[in-house]
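Worksheet: the structure to be examined is printed underneath.
The values are calculated or read from the model by the stated rules, or taken from the named source; none is laboratory data. Note that the structure is a prediction, hence the values are computed from the model and not measured. Here the Cβ positions follow ideal geometry from the backbone for every residue, glycine too, while neighbour counts run over all protein chains shown. Keep in mind that these areas ignore ligands, DNA and RNA; they rest on the heavy atoms of the full protein, side chains included. Shrake-Rupley method; radii C 1.70, N 1.55, O 1.52, S 1.80 Å.
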Amino acid sequence: QAHNLKVGGSNPSPATNLLIVIKKNNFFDNALFFFFSIYPIAFLFGNFVINLFLFIINFILILSFLKNSLNYKVLNKSIFYLLFFLFFSFLINLIFSNNFLLSYPRVLKFILIIGSIISFRHLLVTFSNSEMCKLYKIWSIIFMIVIFDIIFELIFKSNILGLKSFMPGRIASFAGQELNIGHFFSAFSLIFMSYVYNNYKNISLKLLIAIFLIVISFIIGERSNFIRTFLIISLFIFLIYEINFKLKILSFSTLIIFFIVILNFNSGYKLRYINQFTNVLNKNGISYYLDNSVYGAHYNVAKEIFNDNKVFGAGIKNFRVESYDKKYDVLDHNQNERRANTHPHQIHYEFLSETGLFGYLSFAIFICFSFYLTIKNYIKERNYYQLAAFFYVLISLLPLLPSGSFFSTYGSGLFWLNYAIMVGYIKK
């Protein structure tokens, strides 16, 4: 169950009959609660709206500070120091960037990320558990609307807004041509499950919902995000759900049968999940796949960029320039002519090529200490929202699987929102 994080003092009584909680005589807290409540919608409308929400949240935080409305007790010094340690490492990387103009917007934007994490922590300290439950309820409603839209598109070949996928075996939903709704789904799936687990007692219903989410993730057709979603939901079930072993076996057996049926009767899913994946499973395995795939070409040039910039990397967001450099035309790879892209599609290659050993190790220190504090707190408090966010952040760092850019607005927004939940529940 979620635990209260209030630190000293009393809070004005809220209007508890409303879905959006309103605290008397506290405009800034109400505004923060409102914008965080509808924040998931921003990810359905693209980068501009995400950045707009980040700016508004930080603007409210600054006004709270200027009006002495911000509770300084909300700051967890350990997390505060870790965030500024990471920001300082980005500043050092910025000095050595091959293209300063490409790097500095992403580095400076991290200030907004820090502000959003502090703002969410402020909500957790200011509002009670029952009030925060309403925020997660709103997120769950938005998540269920996305699920409905995915099923609608599966049946009618376009979503409720008329958007459709250009790729067989993929669902576009509200993401349209970006085809990244699976990333959104993965980021909010465990938060939704945590809300269900905290508010409903029927364990069979909870298990059916978990299986249903795995099926929806499969239907979306984003293989990497499906693997990540499957893993985090399975971990959540294994650690939290108190169900007997036979029911677990029956549930996963049913899932396997469902997947087999879908793969045999739907050519689009068969192409994505079997035909395109066969190369990985042949006698040469992953090596053959990396030598003959576009992802392998991205990884290969990222490795060479790192070799040329071992200490500080080429600079954040510089892969999009360096990968086109003619000196990499001679690389020995079957898909080398397709090596160039905006990012290497793997977070570890992205950090190594763009921030070098210095940035990679700095981030490793940052995330390991964050995990340590999170696990220590979870063992004591057993907060399922914190565990859900921890699983998502952890699985986002999984090697080998292709991923979006860590420094992109969309990908980083989902990552840092879950990070804010993960560390927000850490007590002082």
**Request:** For region 198-223 and region 388-415, compute the distance between their C-alpha centroids and round to whole Å.
**Result:** 21
**Asked** ASN51 versus SER128, label points 7 Å from Cα toward the beta carbon: distance in nm?
**Response** 4.1
**Prompt:** Where a ≥ b ≥ c are the square roots of the eigenvalues of the C-alpha gyration tensor, would you call region 336-428 rounded, which needs a/c under 1.5, or, failing that, prolate if a/b is larger than b/c, or oblate?
**Reply:** prolate
**Request:** For LYS109 and ILE160, compute 0.36 nm times the residue count separating them, minus their Cα-Cα distance, and round to one decimal in nm.
**Result:** 15.0 nm
**Prompt:** Residue by residue through region 167-182, which ³J(HN,Hα) values in whole Hz follow from phi under the Karplus form 6.51 cos²θ - 1.76 cosθ + 1.60 (θ = phi - 60°), with glycine and proline marked x?
**Reply:** 10, x, x, 10, 9, 8, 6, 6, 6, x, 5, 5, 6, 10, 5, x
**Request:** Determine, for each peptide in 309-318, 201-210, 56-65, the mean count of other beta carbons within 10 angstrom over its residues, then list the peptides with the highest first.
**Result:** 309-318, 56-65, 201-210
**Partner aspartates and glutamates for LYS157 [C-alpha distance under 16 Å; skip if fewer than 8 residues away on the same chain]** = ASP149
**Simple label model, 7 Å out from Cα along Cβ direction - ASN264 to ARG382, nm** = 4.3
**Item:** Under Karplus coefficients 6.51, -1.76 and 1.60, residue-wise ³J(HN,Hα) of region 76-92 in Hz, glycine/proline x
**Value:** 8, 4, 4, 5, 4, 5, 5, 5, 6, 4, 5, 4, 5, 5, 5, 5, 5
**Request:** Select from region 36-129 those trypsin sites (Lys or Arg not before Pro) which occupy a DSSP coil region and have at most 10 other Cβ atoms within 10 Å, ordered by residue number.
**Result:** LYS67
**Request:** For GLU131, GLU337, give the ranking by accessible area with the largest first, probe 1.4 Å.
**Result:** GLU337, GLU131
**Message:** When a/c reaches 1.5 or more, the comparison of a/b and b/c decides; with that in mind, is region 128-234 rounded, prolate or oblate per its Cα gyration tensor?
**Reply:** prolate
**Request:** For LYS206, go through the aspartates and glutamates and keep the ones whose alpha-carbon is under 16 Å away, minus same-chain ones fewer than eight residues off.
**Result:** GLU242
**Message:** Sort VAL125, VAL294 by heavy-atom solvent-accessible area, probe 1.4 angstrom, most to least.
**Reply:** VAL294, VAL125
**Prompt:** Can you list the HN-Hα couplings for region 205-214, worked out from phi with the Karplus curve (6.51, -1.76, 1.60; θ = phi - 60°), rounded to whole Hz and with x for Gly and Pro?
**Reply:** 4, 4, 5, 4, 5, 4, 5, 4, 5, 4
